[in-house]
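Step one of this worksheet: look at the structure below.
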Amino acid sequence: MIRSLFALALAGLFGLTAAAAEQKFALDGDNTGVKFTGTKKGGKHDGGFKKLTGAATVADGDLSTLKIEATIDTDSLYSDNDKLTAHLKNPDFFGVKDNPTATFKSTKVEKSDKGYKITGDLTLLGKTKPVSFPATVEMKEHKLIVNSEFKINRSDWGMTFGKGMVDDAVTIKLSITAK
Amino acid sequence: MPTPPTWMILEMLRDIILPVAGGAALIYALFLMAGRWAAALGAAAAFVAAFLWANFQLAIDEEHPHVLWEQTSRLIAWKPNERYAWHFLPRAALVLLLVGLGSRWTGLLVSCVLPERAWWVKNLLVWVPRWVAILVAGSWVVPAPWAEAHSWIKPALGAVMLFSWIALDGLARSEWSASAAFALSAMFVASGVVILYAGSDLYMKIALVNGLAFFAIGVVSYIAKADCSGAIPAGIAFLPSLIVNVRYQLAPNGVPFVCFWLLALSPLVLLLFAIPRIARQNRWLLLAARAVLVMIPLALAVGLATHYEKLPPFGDEEEAVSK
């Protein structure tokens, strides 16, 4: 009986230690940038999302344990052209009325030659597809800093409008600087 | 007013205008070669063929070497996604087309058997299934949040579809059959213009596909003096439903609300000509009056949209903005 209680207490202590070692960073539109660049015949447009909520966690300072979960408010979409912003919110592209959020949830973070490789599930237009992208991840002065630039194929999520006129590949720029 | 660049016009010609207008005219003409009995069926088949042709694309590349359903639709997914009411537009149109043809043939058969004084039985057999089909198909195309928030939308849409069908069906079965198709064509083209000003290329193209299909059907019907009533239900399904979805989906824009009402209700002006006293007037006078009355709400809608909203920039002009 005494041994069981001791084991339980020990387990609880280790659990507390583990919980204490996990750092959690709240993500929002101020400390996290999700920007995109779309290209078409002879031109390009930049845009992004102003609002998102989520969290990133790192256990024991080990950056390969990084976990990211974020929910983007698609109606907060902006671009370099007001008319284009309205067009992107329409069903031609994001259909924000039917798809008010887009989500990302990391499933694996691996160390690579040039930094880290983050793998996760991206849900866009109600469709979830896995994505992997290279990223630089670092902790500086109690801040989590993540930067990445990668491409996704919009038609993988069923965003097929304007095929041939608007390129399928869209560049995503992710930047997190969270305390 | 910004003008679209040449490549955009050529792509519209290749992807929308030629397949839709050419496809509809070809299929309708082929059916008419079988005889006048096939006119209504041919008109319906022409519309279906035109839509299939315009909506099909084969988007395979290095990353997507295999043909998937989602890679083969240009405007509306072949398999509707439950999240999007507007994905059900083609399905609703197909149901109304089939019920329209089925009820028409039932009515013809029954009128051969029943005495003339029992005309109301035939009318019941024709219009009750159509009314039921409208209630069912109309419920698919109303966005769920709107249906929950506004209980009047589904019945109102159903009423507009039913009365539009009554108004256009009578005209399409008359000697001026082609004018019903031309009227629908004008309504869809005007809708396309207003939708473009409201900010959606996609919905504008859906309206344009309808407009061109009905234009081609109208031309063949006029030349062959053939009945094109079989295609009318597709327009009845698409026009008010598309407008409802445009209003629901599009980001705030300067196009006045009244423009969408004018477009969705425009077929109802033709109900005037179902009044016996008016229907007995000189036929040329009726033709002119119909044309004017149809054009008034359309011209008003387009005029208001162009007055209160700017056309989105095309090609080079848009790039200039981004730079």
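The values are calculated or read from the model by the stated rules, or taken from the named source; none is laboratory data. Predicted model, so just to flag it, every value in this text is computed and none were measured. Here Cβ is always computed from backbone atoms with ideal geometry, including for glycine, and neighbour counts include all displayed protein chains. Side chains are part of the model used for accessible areas, which takes the heavy atoms of the whole protein and leaves out ligands, DNA and RNA. Shrake-Rupley method; radii C 1.70, N 1.55, O 1.52, S 1.80 Å.
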In Å³ per residue, the alpha-carbon convex hull of the stretch B:96-160 encloses 72
What area, in nm² and to one decimal, does the C-alpha convex hull of the stretch B:6-116 cast on average over all directions? 10.7
What is the interface area between chains B and A, defined as buried accessible area summed over both chains with a 1.4 Å probe, reported in Å² to the nearest 100? 2800
Express in Å², to the nearest 10, the accessible area of B:R83 obtained by rolling a 1.4 Å probe over the protein heavy atoms while all chains stay in place. 100
Leaving ligands and nucleic acids out of the surface, order B:L285, B:L114, A:L122 by accessible area at 1.4 Å, largest first. B:L285, B:L114, A:L122
Largest first and to the nearest Å, give the Cα extent of the protein assembly as shown along each principal axis. 99, 65, 42
For the stretch A:23-179, the accessible surface attributable to carbon and sulfur atoms (probe 1.4 angstrom, ligands and nucleic acids excluded) amounts in percent to 51
What does a probe at B:I223 reach in the stretch B:30-49, counting residues whose amide N is under 11 Å from the point 7 Å along Cα→Cβ? B:30
If r is the Cβ-Cβ distance from B:T72 to B:W105 and R0 is 45 Å, what FRET efficiency results, to the nearest 0.05? 0.90
Long-range HN-HN contacts of A:K151 with modeled amide H, under 5 Å: A:I172
With x for Gly and Pro, the residue-by-residue ³J(HN,Hα) of the stretch A:62-69, computed from phi through the Karplus equation 6.51 cos²θ - 1.76 cosθ + 1.60 at θ = phi - 60° and given in whole Hz, is 8, 5, 6, 8, 4, 10, 10, 9
Convex hull around the C-alpha positions of the stretch A:28-107: the volume in Å³ per residue is 117
Given the options A:T160, A:T177, A:F25, identify the residue whose Cα lies farthest towards the positive end of the charge dipole of chain A (+1 on Cβ of Lys, Arg; -1 on Cβ of Asp, Glu). A:T160
Using only the Cα atoms of chain A, construct the convex hull and provide its projected area averaged over every direction, in square nanometres to one decimal. 13.0
So if I place +1 on the C-beta of Lys and Arg and -1 on the C-beta of Asp and Glu, and nothing else carries charge, what would the dipole magnitude of chain B be about its Cα centre? I want it in debye, nearest 20. 1540
Mean other chain Cβ within 10 Å across B:241-251 is 3
Å² per residue, accessible surface of the protein assembly as shown at 1.4 Å: 49
Considering lysine pairs in the stretch B:6-308 that are 8 or more places apart or on different chains, how many have Cα atoms under 27 Å apart? 4
In chain B, once you exclude exposed GluC sites (Glu not before Pro) (DSSP loop, at most 11 other Cβ within 10 angstrom), what's the longest stretch remaining? B:176-323
Quick check on chain B: what are the equivalent-ellipsoid semi-axes from the Cα gyration tensor, as sqrt(5λ), descending, whole Å? 33, 23, 21
Sorted on mean Cβ neighbours within 10 Å (highest first), peptides B:19-30, A:75-86, B:231-242, B:193-204 come out as B:231-242, B:193-204, B:19-30, A:75-86
Using 7 Å Cα-to-Cβ label points, what is the B:W131/B:R277 separation (nm, one decimal)? 2.7
Which one of B:A156, B:I275, B:A54 has its Cα pushed farthest toward the positive end of the charge dipole of the stretch B:6-308, where Lys and Arg give +1 and Asp and Glu give -1 at the Cβ? B:I275
Roughly how compact is the stretch B:65-173, stated as its Cα Rg over 2.2 N^0.38 Å to two decimals? 1.34
Amide H to amide H under 5 Å from A:K51: which residues, 5+ apart in sequence or cross-chain, H placed 1.01 Å off N in plane? A:D73, A:S76
Length gained if B:W284 through B:L13 is fully extended, taking 0.36 nm per residue and subtracting the Cα-Cα distance, is 94.1 nm
